[in-house]
1. Check off (1) aromatic (Phe, Trp, Tyr); (2) part of a helix (DSSP H, G or I); (3) out of contact with any strand residue (DSSP E or B) (no Cβ under 9 Å at 6 or more places or on another chain) for Tyr158 and give me the number that stays unchecked.
2. Restricting attention to region 187-196, does a residue exist that is within 16 Å of the ligand (Cβ to nearest atom) and either surrounded by fewer than 17 Cβ atoms within 10 Å (Cβ to Cβ) or over 17 Å from the mean Cα position of the chain (by Cα) (or both)?
3. Need pairs with beta-carbon distance below 6 Å; first residue of a type in the set (Val, Ile, Thr) and within region 26-37, second open to solvent by 70 Å² or more (accessible area, probe 1.4 Å); sequence gap 6+ or separate chains.
4. Do you know which of the residues in region 161-214 that are in a loop (DSSP other than H, G, I, E, B) and of a type in the set (Lys, Arg) is farthest from Asp32 (Cα to Cα)?
5. I'd like to know if region 126-137 contains one or more residues that are farther than 18 Å from Ala187 by Cα and surrounded by fewer than 21 Cβ atoms within 10 Å (Cβ to Cβ).
Amino acid sequence: MSLSQEKLIENIKKIQDRAGEAQVVAVTKYVDIEPMKQLYEQGIRLFAENRAQQLLEKQELLGDLNEDIEWHFIGRLQRRPVKDIINRIDYLHSLDRMSLVKEVDKRADHTIKCFLQVNVSEEEQKAGFAVEELEEVVREIADYPKIKIVGLMTMAPYEAEEDELNHIFSTLKEEQEKIKALKLAHAPCEELSMGMSRDYHLAVTHGATYVRVGSAFFEE
Ligand SMILES: *Cc1c(COP(=O)(O)O)cnc(C)c1O
């Protein structure tokens, strides 16, 4: 996929305008290294991948540029590759089950900034903790010193309409405030990772602090 520089600059500007105060994480899972370099040249420094192997390959290919890139991991993470990537990322957005909490804690050599992934829409096939169990989970994670809960993350169903999106994003915001109010040292929970290309404009109106945008960067 190759996009004219002009079009890319236009897309970046539009995304940054619509994201407002939220930090824009560029999701590069669909593209090779060249478009990533183009984004880098235009000042993008927050990158996200959803597969461990691709993350490692791209880090390798970007070489020295990695020094000021902030890496976000957003995909479902199996137990086995945790040891390969966990000390090479800045944020894990997809901490979605207790077995992963344990593995991250075991393999990390420093505190890892994590978002708890929440399955607000209660889709069966979707990963994440249920809203009802969040407080208990957060308290349990106090026993795993390498995990810092910086915020909550969710993904809306692909086909969701505006009412449902508003419901999902406002629910995540409420839950974030509840956890923040617990004032637990390991769970400041000040961030909200929500919103993708098709819905980040709504997510920001509900207080998203990170939006994860992929395809909108590369639209013709
Ligand atoms: C792919 C992906 C995104 C970005 O999706 P777009 O619709 O291309 O913006 C965001 N979050 C997660 C978890 C993803 O897997």
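1. (2)
2. Taking region 187-196 as the starting set, the residues that turn out to be within 16 Å of the ligand (Cβ to nearest atom) are 191-196.
Pick out the ones that are also either surrounded by fewer than 17 Cβ atoms within 10 Å (Cβ to Cβ) or over 17 Å from the mean Cα position of the chain (by Cα) (or both) and you get none.
No, region 187-196 has no match at all.
3. Here the result reads Val31/Met1; Ile33/Leu61, each pair linking region 26-37 to a residue that is open to solvent by 70 Å² or more (accessible area, probe 1.4 Å).
4. First, the residues of region 161-214 that are in a loop (DSSP other than H, G, I, E, B): 161, 182-183, 185-186, 188-190, 194-199, 206-209, 214.
Still in the running and of a type in the set (Lys, Arg): 183, 198.
On the way: Lys183: 42, Arg198: 22 Å.
Filtering region 161-214 for residues that are in a loop (DSSP other than H, G, I, E, B) and of a type in the set (Lys, Arg), the one farthest from Asp32 (Cα to Cα) comes out as Lys183.
5. Pass one, region 126-137, residues farther than 18 Å from Ala187 by Cα: 126-127.
Narrowing further to those that are surrounded by fewer than 21 Cβ atoms within 10 Å (Cβ to Cβ): 126-127.
Yes: one or more hits.
The values are calculated or read from the model by the stated rules, or taken from the named source; none is laboratory data. Since we're looking at a predicted model, the values are computed, not measured. Counting neighbours? That spans all protein chains shown, and the Cβs are built from the backbone with ideal geometry, glycine included. Side chains included, ligands, DNA and RNA excluded: accessible areas come from the protein's heavy atoms. Shrake-Rupley method; radii C 1.70, N 1.55, O 1.52, S 1.80 Å.
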